[in-house]
1. Which entry in (i) 4, 17, 25, 22, 15, 10, 5, 2, 0, 0; (ii) 4, 16, 27, 27, 18, 6, 1; (iii) 4, 19, 30, 27, 14, 5, 1, 0, 0 matches P(r) over Cα pairs in 10 Å bins from 0, in percent derived from the coordinates of this structure?
2. Need one word for region 352-494: rounded, prolate or oblate. Basis is the Cα gyration tensor (sqrt eigenvalues a ≥ b ≥ c); a/c below 1.5 gives rounded, then a/b vs b/c decides.
3. Cut-off 17 Å, label point 7 angstrom out along Cα-to-Cβ of Val257: give me the residues of region 101-129 whose amide nitrogen falls inside.
4. Could you tell me the number of lysine pairs in the chain with C-alpha atoms less than 29 Å from each other, where the two lysines are 8 or more residues apart or belong to different chains?
5. Report, to the nearest 10°, how far helix 471-485 tilts away from the longest principal axis of the Cα atoms in the chain, using its own Cα long axis and a range of 0 to 90°.
6. Which order do peptides 137-144, 485-492, 153-160 fall in by mean Cβ count within 10 Å, highest first?
7. How far is helix 81-91 tilted off the main Cα axis of the chain, in degrees rounded to 10, range 0 to 90?
8. With charges set only on the Cβ (+1 for Lys and Arg, -1 for Asp and Glu), what does the dipole of region 370-465 come to about its Cα centre, in debye to the nearest 20?
Amino acid sequence: MPDRTANVPRGMRRQLFACKSIDRLIADSEHPRQRLAKSLGPWSLTALGIGAIIGSGIFVLTGTAAAGEHFEAPSLLHAQVMDLVLNFIQHGNLSGALLHGRPAAGPAIAVSFILVAVACSFAGLCYAELASMIPIAGSAYTYSYATLGEFFAWVIGWDLILEYAVGNVAVAVGFAGYFKAQLSSFGVNLSDRWSTPVWSEGHLTGAWFNMPAFLVIFLLTLLLLRGVRESAGANNVMVALKIAAILIFLVVGGMLVHPVNWHPFAPSGFRGIVTGGAIVFFTYIGFDVVSTAAEESIRPQRDMPVGIIASLIVCALLYVGVALVLLGMMPYATFASGPAADAPVAFALKALGVHPAFLAIIVIGAMTGMVSCLLVFQYGQVRIWFAMSRDRLLPALFSALHPRFQTPHWSTWIACAAVGVPAGLFDIGDAADLTNIGTLFAFVLVSIGVIVLRRSDPGRPRGFRVPFVPVFPLISVVLCLGLMSGLLLITWIRFVVWLGIGLAIYFGYSRHRSEFAAK
């Protein structure tokens, strides 16, 4: 008599690696009860990418990455994974590893921006191909479901929840601090009890709630509920404002550049450049959000590649320009701590006596950048949940559409609570690095997905094709893994813990609701 239990693991394996066909994904997206309105053109998609990519990072992280980071207490948790591995290979121990921070990149942070842009461009090409042939909300989650199977789809979907939620909590807290500082410059002082995090740097602050951080998320939620057309229109205006602010900084700051400040160009060598890249990678996160809008694009086969690639090119040029100008204005070591580290662009302009009007424009640009970044990431997060719910891996509530606005209203409100409440309570600090590792992991799986689909479905029409497959996707994988190695050990530990929680939910709940569940 055959052993029936022997078939259980085999059935589970079939489900874990079951791929959902592209035709089925497209058919599900056209169901009348779960169909999103198509209203985005190439400019709106490009602006969506720029809105997500250019946030507060260009005004804040440039100085931090150039000057490096230092923790008072040496700890293995604060060492880069790359540094630990290299020291173990060379010496058989970790005695030579840097255990108290990250080395300074110096003016070579401009090279870090280029390095990250190259890494992102290879990944961006892969996103462009998959978005043009699978125009479905869900981004890397959907692409993984079509190429690698349900298990990897869940992992990357759970990973994207981490990327978008943690990133937006960090930006919302940063916006609140920036907003409070600007109000105080006009004599309006918000009470610390209602404008600072309840928990920061491992201890209670005495505050009750960070109301500005919550309110900005709440107001953007109201806008997102109205529809993607209204949200995209507001984002277009904000993108125009912050690009104008950056261009003004390049002109004004460019006249204050002293080339002597560019020496030494790379004080920590290539290690500092890679580490700087791992830090500033946060500033490039966002072009993948464009792919979450594929289902709401009017002509996705043509417009999705344009939106992804154009947003990357524009942002890379602006980032390199800001880095060279800022670090030509003042020595990189200036931005190691204090007000210079918190707001390096504003600090440099003020210290060098720039007219207050120009400084005000930069401040407005920084705040606008944060708001547009929050808007786009909240939008992308909801679309990921929507896609996962439509595939029955999350409850049906997440894919329910508003009867009038045709937006995923319950998902939008849940996203408001998932980001707004933590932003009102916590300053997550260096946990924001989780956004970097989550995004890089998504890039790796998307790049592998291009190779898989070229082999499994070579004849399917593609609105855009990555050149030199499998070479370019493999380059993307290698570069992304290299940037991941520049992150701290504690970031890897947190990431593994988050994935462990996700796997518990998948095996305890989602796997049993899936259409591929063993009957």
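1. (iii)
2. Oblate, because a/c is 1.5 or more while a/b does not exceed b/c.
3. 106-114
4. Within the chain, the lysine pair count is 6.
5. 60
6. By packing density, highest mean first, the sequence is 137-144, 153-160, 485-492.
7. Roughly 80 degrees, rounded to the nearest 10.
8. Magnitude of the dipole: close to 720 debye.
Any read-out appearing in this document is the output of simple, stated calculations on the displayed coordinates, not a laboratory observation. This is a predicted model, so every value here is computed, not measured. Every residue, glycine among them, receives a Cβ derived from its backbone with ideal geometry; neighbour counts consider all protein chains shown.
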